[in-house]
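Reviewing the structure listed below.
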Amino acid sequence: MKEKGLLIVLSGPSGVGKGTVRKALFSQHDTAFEYSISMTTRAPREGEVDGVDYFFKTREEFEALIEQGKLLEYAEFVGNYYGTPVDYVRETLAKGKDVFLEIEVQGARQVREKFPEALFIFLAPPSLSELESRIIGRGTESDEVIANRLKTAREEIEMMDLYDYVVENDTVESACDKIKSIVVAGHCNREYVAKRYLKMLEVE
(Lines give C-alpha, C1' and ligand atoms only; values in the text may rest on other atoms or scores of the structure.)
Protein backbone atom coordinates (compact mmCIF):
# COMPACT_ATOMS: atom_id res chain seq x y z
CA MET A 1 0.00 0.00 0.00
CA LYS A 2 1.41 3.36 -1.07
CA GLU A 3 2.26 5.80 1.72
CA LYS A 4 1.33 9.42 1.38
CA GLY A 5 4.40 11.57 0.88
CA LEU A 6 5.92 13.76 3.58
CA LEU A 7 5.78 17.53 3.40
CA ILE A 8 9.21 18.89 4.35
CA VAL A 9 9.37 22.57 5.27
CA LEU A 10 12.76 24.30 5.38
CA SER A 11 12.67 27.80 6.74
CA GLY A 12 14.78 30.28 8.65
CA PRO A 13 15.83 33.92 8.82
CA SER A 14 16.74 36.00 5.80
CA GLY A 15 20.36 35.47 4.77
CA VAL A 16 20.82 32.14 6.55
CA GLY A 17 21.39 30.32 3.27
CA LYS A 18 18.11 28.48 2.65
CA GLY A 19 18.47 28.68 -1.12
CA THR A 20 22.10 27.57 -1.07
CA VAL A 21 21.34 24.54 1.11
CA ARG A 22 18.31 23.61 -0.98
CA LYS A 23 20.30 23.75 -4.23
CA ALA A 24 23.10 21.66 -2.72
CA LEU A 25 20.60 19.12 -1.41
CA PHE A 26 18.94 18.72 -4.79
CA SER A 27 22.27 18.40 -6.59
CA GLN A 28 22.95 15.14 -4.72
CA HIS A 29 22.11 11.99 -6.67
CA ASP A 30 20.28 10.31 -3.78
CA THR A 31 17.86 13.17 -3.12
CA ALA A 32 14.35 11.91 -3.93
CA PHE A 33 12.30 14.95 -2.89
CA GLU A 34 10.06 16.90 -5.24
CA TYR A 35 10.83 20.61 -5.00
CA SER A 36 7.81 22.90 -4.85
CA ILE A 37 8.91 26.12 -6.50
CA SER A 38 7.68 29.22 -4.69
CA MET A 39 6.11 32.27 -6.28
CA THR A 40 7.33 35.78 -5.57
CA THR A 41 6.77 39.37 -6.67
CA ARG A 42 10.40 40.38 -6.07
CA ALA A 43 12.70 40.94 -9.02
CA PRO A 44 14.99 38.05 -10.03
CA ARG A 45 18.53 38.21 -8.67
CA GLU A 46 21.44 37.66 -11.00
CA GLY A 47 21.46 34.06 -12.22
CA GLU A 48 17.92 33.23 -11.08
CA VAL A 49 15.62 31.64 -13.64
CA ASP A 50 11.83 31.86 -13.78
CA GLY A 51 10.27 28.45 -13.19
CA VAL A 52 13.50 27.08 -11.69
CA ASP A 53 14.35 29.25 -8.69
CA TYR A 54 10.95 30.96 -8.38
CA PHE A 55 7.85 31.69 -10.39
CA PHE A 56 8.18 35.46 -10.76
CA LYS A 57 4.77 37.21 -10.74
CA THR A 58 3.50 40.76 -10.74
CA ARG A 59 1.78 42.01 -7.61
CA GLU A 60 -1.56 41.96 -9.45
CA GLU A 61 -1.09 38.35 -10.58
CA PHE A 62 -0.13 37.24 -7.08
CA GLU A 63 -3.10 38.96 -5.42
CA ALA A 64 -5.44 37.30 -7.92
CA LEU A 65 -4.10 33.88 -6.85
CA ILE A 66 -4.69 34.80 -3.19
CA GLU A 67 -8.32 35.65 -4.02
CA GLN A 68 -8.74 32.32 -5.83
CA GLY A 69 -7.38 30.31 -2.86
CA LYS A 70 -4.59 28.89 -5.00
CA LEU A 71 -1.81 29.30 -2.41
CA LEU A 72 -0.96 26.93 0.43
CA GLU A 73 0.73 29.81 2.18
CA TYR A 74 1.85 33.30 1.39
CA ALA A 75 3.56 36.18 3.14
CA GLU A 76 4.64 39.71 2.44
CA PHE A 77 8.31 40.09 3.29
CA VAL A 78 10.34 43.32 2.91
CA GLY A 79 7.76 44.69 0.46
CA ASN A 80 7.35 41.57 -1.69
CA TYR A 81 4.96 38.61 -1.69
CA TYR A 82 6.16 34.99 -1.44
CA GLY A 83 3.88 31.96 -1.66
CA THR A 84 3.43 28.25 -2.46
CA PRO A 85 1.00 26.92 -5.11
CA VAL A 86 -1.33 24.50 -3.31
CA ASP A 87 -2.47 22.15 -6.10
CA TYR A 88 1.01 20.84 -6.91
CA VAL A 89 1.72 20.07 -3.24
CA ARG A 90 -1.48 18.10 -2.63
CA GLU A 91 -1.24 16.13 -5.88
CA THR A 92 2.40 15.19 -5.35
CA LEU A 93 1.89 14.07 -1.74
CA ALA A 94 -1.05 11.91 -2.85
CA LYS A 95 1.30 10.12 -5.29
CA GLY A 96 3.50 9.09 -2.36
CA LYS A 97 6.29 11.55 -3.13
CA ASP A 98 7.94 13.80 -0.56
CA VAL A 99 7.52 17.51 -1.24
CA PHE A 100 10.21 19.97 -0.19
CA LEU A 101 9.31 23.60 0.57
CA GLU A 102 11.89 26.34 1.08
CA ILE A 103 9.85 29.23 2.45
CA GLU A 104 9.88 32.27 4.73
CA VAL A 105 9.07 31.98 8.43
CA GLN A 106 5.69 33.73 8.10
CA GLY A 107 4.65 31.18 5.49
CA ALA A 108 5.82 28.26 7.61
CA ARG A 109 3.39 29.30 10.34
CA GLN A 110 0.48 29.06 7.87
CA VAL A 111 1.59 25.62 6.67
CA ARG A 112 1.80 24.45 10.30
CA GLU A 113 -1.92 25.26 10.67
CA LYS A 114 -2.91 23.37 7.49
CA PHE A 115 -0.35 20.51 7.56
CA PRO A 116 0.59 19.93 11.23
CA GLU A 117 1.99 16.51 10.30
CA ALA A 118 4.69 18.06 8.09
CA LEU A 119 8.38 18.11 9.08
CA PHE A 120 9.33 21.64 10.06
CA ILE A 121 13.07 22.36 9.93
CA PHE A 122 14.53 25.69 11.05
CA LEU A 123 17.83 26.57 9.39
CA ALA A 124 19.81 28.63 11.90
CA PRO A 125 22.96 30.73 11.48
CA PRO A 126 26.12 29.88 13.47
CA SER A 127 25.88 33.38 15.00
CA LEU A 128 24.15 36.73 14.49
CA SER A 129 27.40 38.32 13.34
CA GLU A 130 27.79 35.62 10.68
CA LEU A 131 24.20 36.20 9.56
CA GLU A 132 24.86 39.94 9.26
CA SER A 133 27.98 39.27 7.18
CA ARG A 134 26.03 37.03 4.80
CA ILE A 135 23.27 39.59 4.28
CA ILE A 136 25.73 42.45 3.68
CA GLY A 137 27.93 40.21 1.53
CA ARG A 138 25.18 39.73 -1.05
CA GLY A 139 25.82 43.27 -2.28
CA THR A 140 22.38 43.37 -3.91
CA GLU A 141 20.42 45.51 -1.44
CA SER A 142 20.44 49.07 -0.11
CA ASP A 143 21.44 49.94 3.46
CA GLU A 144 17.78 50.40 4.36
CA VAL A 145 16.80 46.96 3.04
CA ILE A 146 19.77 45.38 4.85
CA ALA A 147 18.71 47.01 8.12
CA ASN A 148 15.13 45.74 7.64
CA ARG A 149 16.37 42.22 6.88
CA LEU A 150 18.54 42.16 10.00
CA LYS A 151 15.66 43.38 12.18
CA THR A 152 13.31 40.79 10.66
CA ALA A 153 15.92 38.02 11.02
CA ARG A 154 16.17 38.64 14.76
CA GLU A 155 12.37 38.43 15.08
CA GLU A 156 12.32 35.21 13.04
CA ILE A 157 14.94 33.52 15.21
CA GLU A 158 12.64 34.14 18.16
CA MET A 159 9.98 32.05 16.33
CA MET A 160 12.12 28.90 16.43
CA ASP A 161 9.60 27.22 18.75
CA LEU A 162 7.26 26.72 15.77
CA TYR A 163 9.61 24.08 14.36
CA ASP A 164 10.31 20.40 15.07
CA TYR A 165 14.03 20.47 14.28
CA VAL A 166 16.83 23.03 14.16
CA VAL A 167 19.77 22.63 11.79
CA GLU A 168 22.73 24.97 12.18
CA ASN A 169 24.06 26.03 8.79
CA ASP A 170 27.74 25.97 9.77
CA THR A 171 28.64 24.24 6.51
CA VAL A 172 26.31 23.46 3.61
CA GLU A 173 27.41 19.80 3.47
CA SER A 174 26.70 19.24 7.15
CA ALA A 175 23.31 20.97 6.92
CA CYS A 176 22.31 18.76 3.97
CA ASP A 177 23.32 15.59 5.84
CA LYS A 178 21.26 16.57 8.88
CA ILE A 179 18.19 17.42 6.79
CA LYS A 180 18.29 14.03 5.04
CA SER A 181 18.60 12.27 8.40
CA ILE A 182 15.57 14.16 9.72
CA VAL A 183 13.51 13.03 6.71
CA VAL A 184 14.53 9.39 7.25
CA ALA A 185 13.42 9.73 10.88
CA GLY A 186 10.15 11.31 9.72
CA HIS A 187 9.34 8.24 7.63
CA CYS A 188 9.85 6.10 10.74
CA ASN A 189 7.68 8.28 12.96
CA ARG A 190 5.11 6.15 14.78
CA GLU A 191 2.10 8.27 13.83
CA TYR A 192 3.16 8.35 10.18
CA VAL A 193 3.70 4.58 9.97
CA ALA A 194 0.59 3.71 12.03
CA LYS A 195 -1.71 5.32 9.45
CA ARG A 196 -0.50 2.89 6.80
CA TYR A 197 -1.00 -0.15 9.05
CA LEU A 198 -4.46 0.97 10.10
CA LYS A 199 -5.45 1.10 6.43
CA MET A 200 -4.01 -2.39 5.93
CA LEU A 201 -6.09 -3.69 8.83
CA GLU A 202 -9.23 -2.11 7.39
CA VAL A 203 -8.63 -3.89 4.07
CA GLU A 204 -8.21 -7.25 5.80
Q | Close pairs from segment 47-66: first of a type in the set (S, T, Y), partner open to solvent by less than 40 Å² (accessible area, probe 1.4 Å), Cβ under 9 Å, at least 6 apart | A | Y54/I37; Y54/S38; Y54/M39; Y54/T40; Y54/R42; Y54/Y82; T58/T41
Q) Consider G83 against the criteria (1) closer than 17 Å to L123 by Cβ; (2) at pLDDT below 95; (3) not in a loop (DSSP other than H, G, I, E, B): it satisfies all of them except one. Which criterion is unmet? A) (1)
Q) Tell me, which residue of segment 42-95 that is of a type in the set (S, T, Y) and under 17 Å from the mean Cα position of the chain (by Cα) is surrounded by the fewest Cβ atoms within 10 Å (Cβ to Cβ)? A) Y88
(Q) For segment 151-174, give me each residue that is at pLDDT below 90, farther than 13 Å from A124 by Cβ and touching a Ser or Thr at 6+ places or on another chain (Cβ under 8 Å). (A) T152
Q. Does G47 satisfy the condition of being of a type in the set (G, A, S), under 25 Å from E141 (Cα atoms) and not in a strand (DSSP E or B)?
A. yes
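The values are calculated or read from the model by the stated rules, or taken from the named source; none is laboratory data. Computed from a prediction, not measured in an experiment: that's the story for all the values here. For neighbour counting, all protein chains shown are included, and Cβ atoms are generated from backbone atoms with ideal geometry for every residue, glycine included. All accessible areas refer to the heavy atoms of the entire protein, side chains included, with ligands and DNA or RNA removed. Shrake-Rupley method; radii C 1.70, N 1.55, O 1.52, S 1.80 Å.
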